[in-house]
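All remarks here apply to the structure that follows.
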Amino acid sequence: MSVKVLKFGGSSLADAEHFRKVAAIVKSEPDRRYVVASAPGKRNSDDEKVTDMLYKCYELTREDQDIDNIFFCIKRRYDKIINDLGLDLSLDKEFQRIKMAILHHAGRDYIASRGEYLNAIVLANYLGFDFVDAEKGIFFCDDGTFDAEKTNSVLSKILEKHEYAVIPGFYGSMPNGTIKTFTRGGSDFTGSVVARAARADLYENWTDVSGFLMADPRLVKNPKVIETITYKELRELAYMGATVLHEDAIFPVRAAGIPINIKNTNRPADKGTMIVKETDIPASKDVITGIAGKKGFSTIILEKDMMNGELGFGRRVLDVLMNNRILFEHIPSSIDTLSVVVSTDDIKDKKLIVAEEIKKAVHPDYISIDDGIALIAVVGRDMVSSIGTAYRIFKGVAEAGVNIRMIDQGSSELNIIIGVEEKDYEAAIQGIYNEFVR
Ligand code: ASP
């Protein structure tokens, strides 16, 4: 029998109605064996995530304020799910224990982690699966980094003893036994870790959208869903701001060659997006896989006659950035000009000093540091074999009436990145999408 690991996000486990959908999904295939649960998320746009309420509890105790009200609201959310599902389960003892721990100044991560802990107990009870506490099988090192090898060996052995189990997402334990969480949205990472330990054939990540979209739906009307995407393409798009999955979540499964399927709990028949290591499937008839972008970049522009013959020019410029702890994104250059694109947030308080140090290091004829650049990445594994992709990007942008300020094609030909003025960002993305897809 093949093994599937499923992770359900907070919106998929926000109330009893969603628990019923989750159970129908899990029970529809016997190889759906390990389920990773998030804490209850928002039931509507005005609602609060349980995790946020738990962080508030922690803040209140730090300020020596009363937590009774908020604690009651949290308990009521779980009790309502339990009652609506008609379960023979009480979390009263758990809540007493957690309240005691909070009053005795339990750590922030311990408090935040209780959202997934309690939800996993409820889900395990409802599904008739075993409950496996993440603190027993997911580990961190002393320095707070994730201990991949210990986790994999211990968790594999634990899972072998449970044919069907629910595991809370988001946390694990430190060598001294205290609880530590991953960064926000970290249940995606737990799902990936469990998939690796279970030697799963597939990691299904269930959420409230039917997969990755080719472009941001706030900018492009009804963008197409990406059916298949490689890990590398996903990383390019995620780096440029496309989000659905926690950014670290691909690493454990990628190492083990396990594909991820992003699925929609509210529309389980939709195919969603498959994330794979490699594929022969063309990205789409559209050549590109997706478009993503971000505002908030600045360009350091340098000009100097005969720059091309000056050994070490680029290195000295980058040394200045390194000494000022500024990461660079791109370095487009021509014979006598060099530009370095950096994040505006990184450079904004250091502009004067960076300009002074660059002047001292390379004596440019001209230097300026301009803000207001947006970067747009057009990503696609098929670009390498399609002639005319760059032409079509320029055509789409030109037809949108936008001037391109910078161009960079990655040497793997997986992406072409253009820089435009921030005011042109939306129009440029729409122009590119229209050129390739519409
Ligand atoms: N509940 C946590 C959060 O809200 C972790 C997760 O849902 O993945 O960030």
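The values are calculated or read from the model by the stated rules, or taken from the named source; none is laboratory data. For clarity, every value in this text was computed on a predicted model and none was experimentally measured. Glycine gets a Cβ as well: all are built from the backbone with ideal geometry, and neighbour counts include every protein chain shown. For accessibility, only protein heavy atoms count, side chains too; no ligands or nucleic acids. Shrake-Rupley method; radii C 1.70, N 1.55, O 1.52, S 1.80 Å.
For the pair Ala23 and Met100, a Förster radius of 41 Å applied to the C-beta separation gives a FRET efficiency near 0.80, rounded to the nearest 0.05. Full extension of the segment from Asp270 to Asp370, taken as 0.36 nm per residue of separation minus the current Cα-Cα distance, would add 31.5 nm. With both residues required to sit in the chain, DSSP beta bridges show an antiparallel share near 60%. The local environment of His105, defined by Cβ-Cβ distances under 11 Å, has a net charge of +1 under the rule Lys, Arg +1 and Asp, Glu -1.
Its alpha carbons give segment 239-365 an Rg and a Dmax of 21.1, 62 Å.
Label zone (Arg184, point 7 Å along Cα-to-C-beta; backbone nitrogen cut-off 19 Å) within segment 42-82: 42-60. Among 212-218, 109-115, sorting by the average number of other beta carbon atoms lying within 10 angstrom of each residue, highest first, gives 109-115, 212-218. In terms of accessible area, using a 1.4 Å probe and ignoring ligands and nucleic acids, Phe131, Phe182 rank largest first as Phe131, Phe182.
With no solvent and one point on each alpha carbon, what is the Debye value of log10 I(q)/I(0) for segment 83-139 at q = 0.17 Å⁻¹? Each listed q corresponds, in turn, to -0.64. Taking 7 Å steps out from each Cα toward its Cβ at Glu303 and Cys141 produces label points 4.9 nm apart. Using the alpha-carbon centroid of each, what span in Å lies between segment 96-175 and segment 402-438? Cα centres, segment 96-175 to segment 402-438: 43 Å. Projected onto their three principal axes, the Cα atoms of segment 291-438 cover extents of 51, 31, 24 Å, largest first. Within the shell of other residues whose beta carbon sits under 12 angstrom from the beta carbon of Asp208, the net charge comes to +4, with Lys and Arg scored +1 and Asp and Glu -1.
Of Asp143, Asp370, Asp130, the residue with the greatest mean-square motion in the GNM of the chain, using alpha carbon springs below 10 Å, is Asp143.
The distance from the alpha carbon centre of segment 275-341 to that of segment 1-59 is 40 Å, rounded to a whole number.
Once fully extended, how much extra length lies between Asp88 and Glu149, figured as 0.36 nm per residue of separation less the alpha-carbon to alpha-carbon distance? Please report the intermediate quantities before stating the final value.
Numbers: separation 61, 0.36 × 61 = 21.96 nm, distance 3.79 nm.
This chain segment gains 18.2 nm when fully extended.
The modelled label-to-label distance for the pair Asp319/Gln65, using points 7 Å beyond Cα in the direction of Cβ, is 5.2 nm.
Comparing mean-square fluctuations of Phe95, Phe72, Phe146 from a GNM of the chain with C-alpha springs under 10 Å, the top value falls on Phe72.
Ignoring ligands, DNA and RNA, what percent of the 1.4 Å accessible area of the chain is carbon and sulfur? Mind showing how you got there, number by number?
Numbers: 10370 of 20670 Å².
Summing carbon and sulfur atoms, their accessible area is 50 percent of the total for the chain.
Here the label points at Lys360 and Asn176, each 7 Å from Cα along the C-beta direction, are separated by 4.3 nm in the simple model. Taking each of Lys304/Lys423; Lys75/Lys99; Lys304/Lys350; Lys4/Lys271; Lys93/Lys180 in turn, the alpha-carbon distance tops 19 angstrom for Lys304/Lys423; Lys304/Lys350; Lys93/Lys180.
Rounded to two decimals, what is the ratio between the C-alpha radius of gyration of the chain and 2.2 N^0.38 Å? Numbers along the way, then the final one.
Numbers: Rg = 24.9 Å, N = 438, 2.2 N^0.38 = 22.2 Å.
So the Cα radius of gyration is 1.12 times the expected 2.2 N^0.38 Å.
Using the alpha-carbon positions of segment 1-131, Rg (one decimal) and Dmax (whole number) come out as 15.3, 53 Å. Which FRET efficiency value, to the nearest 0.05, do you get for Tyr164 and Asp46 by plugging their Cβ-Cβ distance into 1/(1 + (r/R0)^6) with R0 = 60 Å? After rounding, the FRET efficiency stands at 0.95.
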